[in-house]
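The values are calculated or read from the model by the stated rules, or taken from the named source; none is laboratory data. Since this is a predicted model, take the numbers as computed values, not measurements. Neighbour counts are summed over all protein chains in view; Cβ atoms, including those assigned to glycine, are modelled from backbone coordinates with ideal geometry. Protein only, heavy atoms only, side chains kept; ligands, DNA and RNA dropped before computing areas. Shrake-Rupley method; radii C 1.70, N 1.55, O 1.52, S 1.80 Å.
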Amino acid sequence: MQTIEIGKSGQMSSRLAYGCMRLAGDNGTVEERERGKAAVRAAIESGYTLFDHADIYGAGACEEVFGEVLAESPGVRDELIIQSKCGIRFEDIHRYDFSKSWIVGSVENSLQRLGIEQLDLLLLHRPDYLMSLEETAAAFDELHSAGKVAAFGVSNFLPSTLSALQSATPHRLQVNQVEINLHNIEALHNGVLDQCQAERITPQAWCPLAGIAWEAWGNTFSVEQSARLQAEARRQADHYGVEKWLIALAWLLRHPANISPIIGSTTPARIAAATAALGIDYSREDWYRLLEARNGEAVP
Ligand code: NAP
């Protein structure tokens, strides 16, 4: 597994991250949780060292499942980068909340569920329109000085919001985790990847396989568009001698901003197989061909 530095944090992690959103399945049954634990073990065995959580995944159950694996595997925690997110609240009413008390309380609950002393990275999950820069910065200070969070980042932030928050805190924002896949290419146009590359912030891509392996959230593809994209992905998969879904990862990995795709499968064989994408010598020509197949027209 290739490794990269996360932002300029000095923390090294696997290039592919493992996403823990699906670890408790749909209902958190015993069988689903066991499947989740097997997925985590498969990811560790396959060389993933960066694990992405959020306080809301499975209403906390995903962090618990992960914590059980850690408890059963003494010594493993120190080899991993454990990242969680906060700022979305579901338990009363669906709102974003970057108040200091909510951020600090959320992290304390995550640490308890994970059974660890410190998060290696904390990301703010989605921008709170009512974010007070001063209050958010104060939450970071408190968590960092208490040793509860080592480093910080954001998710689903536009560059202007990231810069505004950065101006208020001495803690460097090391990550912007956004949706990037062959259905959603906004990050190519909205400045997120430009900022990440220019400022050496690590872009993490959520739902990396959407549009190729499965229908994206809010799918807008027509039947023709999808068929065109699948046909080009098929051609490329045959050319590179890999499974078709790996082309979606190669397309992300080719970008010079050093995107870290977050693999969300709970199937051990797929978790292991995803690492093969790192070995594809993917060409600039094919990158553009796939984009043009998606768009249905040549770039201008
Ligand atoms: P994904 O890797 O694109 O999708 C995983 C899903 O695709 C699973 O249901 C998996 O099924 C299925 N799949 C994988 N390979 C497949 C194949 N070859 N053919 C058919 N189906 C296939 O990513 P994701 O799980 O949607 O998201 C990844 C991570 O991103 C999450 O775990 C979470 O950590 C993060 N995330 C962040 C945000 C945010 O707002 N920051 C939002 C969403 C997600 P199996 O499990 O059955 O293999």
Return yes when D286 is open to solvent by less than 50 Å² (accessible area, probe 1.4 Å), away from the ligand (no atom under 16 Å from the Cβ) and charged (D, E, K, R) and no when it is not. yes
In contact with a Ser or Thr (Cβ under 8 Å, 6 or more places away or on another chain), surrounded by 15 or more Cβ atoms within 10 Å (Cβ to Cβ) and in a strand (DSSP E or B) - does that describe any residue in the range 193-203? yes
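Please list, ordered by residue number, the strands (runs of 3 or more DSSP E) wholly in the range 1-98 having 3 or more residues that are surrounded by 14 or more Cβ atoms within 10 Å (Cβ to Cβ), touching a strand residue (DSSP E or B) at 6+ places or on another chain (Cβ under 8 Å) and at pLDDT 95 or above. So that I can check it myself, show each step before the final result.
Working: elements: 3-5, 12-14, 17-19, 50-52, 81-86.
In the range 1-98, 17-19, 50-52, 81-86 are the strands (runs of 3 or more DSSP E) which contain 3 or more residues that are surrounded by 14 or more Cβ atoms within 10 Å (Cβ to Cβ), touching a strand residue (DSSP E or B) at 6+ places or on another chain (Cβ under 8 Å) and at pLDDT 95 or above.
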When every residue in the range 120-143 that is under 15 Å from G7 (Cβ atoms) and not charged (D, E, K, R) is compared, the one nearest to the ligand (Cβ to nearest atom) is L123
Subset of the range 118-169 (residues that are farther than 16 Å from K100 by Cβ and β-branched (V, I, T)): V154, T161
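Conditions tested, residue by residue: (1) hydrophobic (A, V, I, L, M, F, W, C); (2) open to solvent by less than 10 Å² (accessible area, probe 1.4 Å); (3) under 19 Å from I185 (Cβ atoms).
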site	(1), (2), (3)
A213	yes, no, yes
S226	no, no, yes
R235	no, no, no
D238	no, no, no
I263	yes, yes, no
T266	no, no, no
I271	yes, yes, no
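Quick test for you: out of I180, I212, pick the one residue that is near the ligand (Cβ under 10 Å from one of its atoms), modelled with pLDDT of 95 or more and touching a Phe, Trp or Tyr at 6+ places or on another chain (Cβ under 9 Å).
Going through I180, I212 in turn, the sole match is I212.
Test I116 against the criterion of being surrounded by 14 or more Cβ atoms within 10 Å (Cβ to Cβ), in contact with a strand residue (DSSP E or B) (Cβ under 8 Å, 6 or more places away or on another chain), in contact (Cβ under 8 Å) with a residue 60 or more places away in the chain and among the hydrophobic types (A, V, I, L, M, F, W, C), and give yes or no. Break it down into steps so the answer makes sense when it comes.
On the way: surrounded by 14 or more Cβ atoms within 10 Å (Cβ to Cβ): yes; in contact with a strand residue (DSSP E or B) (Cβ under 8 Å, 6 or more places away or on another chain): yes; in contact (Cβ under 8 Å) with a residue 60 or more places away in the chain: no; among the hydrophobic types (A, V, I, L, M, F, W, C): yes.
No.
Consider the range 249-270. How many of its residues are assigned to a helix (DSSP H, G or I) and near the ligand (Cβ under 8 Å from one of its atoms)? Steps first, please.
Step one: filter the range 249-270 for residues assigned to a helix (DSSP H, G or I), giving 249-253, 268-270.
Narrowing the set further to residues that are near the ligand (Cβ under 8 Å from one of its atoms) leaves 270.
Qualifying residue count, the range 249-270: 1.
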Conditions (1) in a loop (DSSP other than H, G, I, E, B); (2) more than 11 Å from the ligand (Cβ to nearest atom); (3) open to solvent by 10 Å² or more (accessible area, probe 1.4 Å); number of the one not met by G105: (1)
